[in-house]
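Down below is the structure, laid out as C-alpha cells.
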Amino acid sequence: MNHPYVRSAQPHLEQDSQHPVELLLRVLGIASSTYYEWKKRAAQPSDRHVEDEKLLAEIVDIHTSSGGTYGSPRVHAMLQRRGIRVGRKRVERLMRTSQLQGAFLRKKWRLGSTRQDPRARPAPDLVERNYTAEEPNRLWVADATRIPCGQGAFWLAVPPVVTRWRHRAASSLQ
C-alpha cells in the first residue's frame with residue numbers, strides 16, 4: 001500500500017491487535033477495500049510483479065558486476081545481450097524504485113579548473129608561444145592534467161622531462 005500512514009501502521013494491521021482492523025482503518029482515513037486489496041496482493045502477487053522481481057534480480061546482477069557504474073542504458077543493453085527482451089523505460093523504473101544509479105560526471109566536474117582573478121596581472125609569456133628551440137636544453141615543457149574522481153579532482157603533474165629541439169621530444173631521463 002502506498003498510503004502514507006500504512007507504512008507505520010502495517011505491523012499493527014498485520015498482527016492480531018487489541019483493536020479491530022476496521023477501527024484502525026477508520027482512524028487512519030483508509031478505505032477498508034484498499035486494505036483488503038493490499039492484503040490480497042501481498043498473498044497473490046500479479047504476474048507482472050513476479051516478473052519485475054525476476055527482472056530486478058538480473059538488473060541488480062548487471063549493476064553490481066559493473067561496480068555500480070552502469071546506468072539504465074547500459075543495463076538495458078546488457079539485458080538485450082542476455083536475450084531478455086524488456087523496454088528501456090521499464091528498466092529505468094525498476095532501477096529508480098530500487099535506488100540503483102550509474103556513475104555519471106557531475107556538472108561541477110565539467111567546469112573549468114582555473115578561476116582567474118580579473119585584477120591579477122598575468123605571468124609573462126617568456127617563450128612568446130614559440131615552442132621550438134634552436135639548440136638542446138633551451139626549452140623545457142611540462143604538463144598538468146586534472147582528473148575528476150569520486151572524492152574530487154586529482155591533479156597529475158608531469159615534471160619537465162621533455163626538451164623541445166627541432167620539433168623532436170627527447171626525454172631527460174635517458
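The values are calculated or read from the model by the stated rules, or taken from the named source; none is laboratory data. Note that the structure is predicted; figures quoted are calculated from it, not measured. Every residue, glycine as well, gets a Cβ built from its backbone with ideal geometry; the counts of neighbours run over all protein chains shown. We work out accessible area using only protein heavy atoms, side chains counted, and drop any ligands, DNA or RNA first. Shrake-Rupley method; radii C 1.70, N 1.55, O 1.52, S 1.80 Å.
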Among the residues listed as Ala9, Ala43, the single one being open to solvent by less than 60 Å² (accessible area, probe 1.4 Å), modelled with pLDDT under 90 and not hydroxyl-bearing (Ser, Thr, Tyr): Ala9
Any pair with Cβ under 8 angstrom, 6 or more apart, that starts in segment 56-72 at a residue that is in contact (Cβ under 8 Å) with a residue 24 or more places away in the chain and ends at one that is aromatic (Phe, Trp, Tyr) and open to solvent by 60 Å² or more (accessible area, probe 1.4 Å): His63/Tyr70; Gly71/Phe104
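Scan segment 16-55 for residues that are of a type outside the set (A, V, I, L, M, F, W, C), within 30 Å of Leu100 (Cα to Cα) and either in contact (Cβ under 8 Å) with a residue 12 or more places away in the chain or outside any helix (DSSP H, G or I) (or both) and jot them down.
Answer for segment 16-55, where residues must be of a type outside the set (A, V, I, L, M, F, W, C), within 30 Å of Leu100 (Cα to Cα) and either in contact (Cβ under 8 Å) with a residue 12 or more places away in the chain or outside any helix (DSSP H, G or I) (or both): Thr34, Tyr35, Gln44, Pro45, Ser46, Asp52.
Within segment 68-112, track down each residue that is of a type in the set (D, E, K, R) and at pLDDT 90 or above.
Arg74, Arg81, Arg82, Arg85, Arg88, Lys89, Arg90, Glu92, Arg93, Arg96 - these are the residues of segment 68-112 that are of a type in the set (D, E, K, R) and at pLDDT 90 or above.
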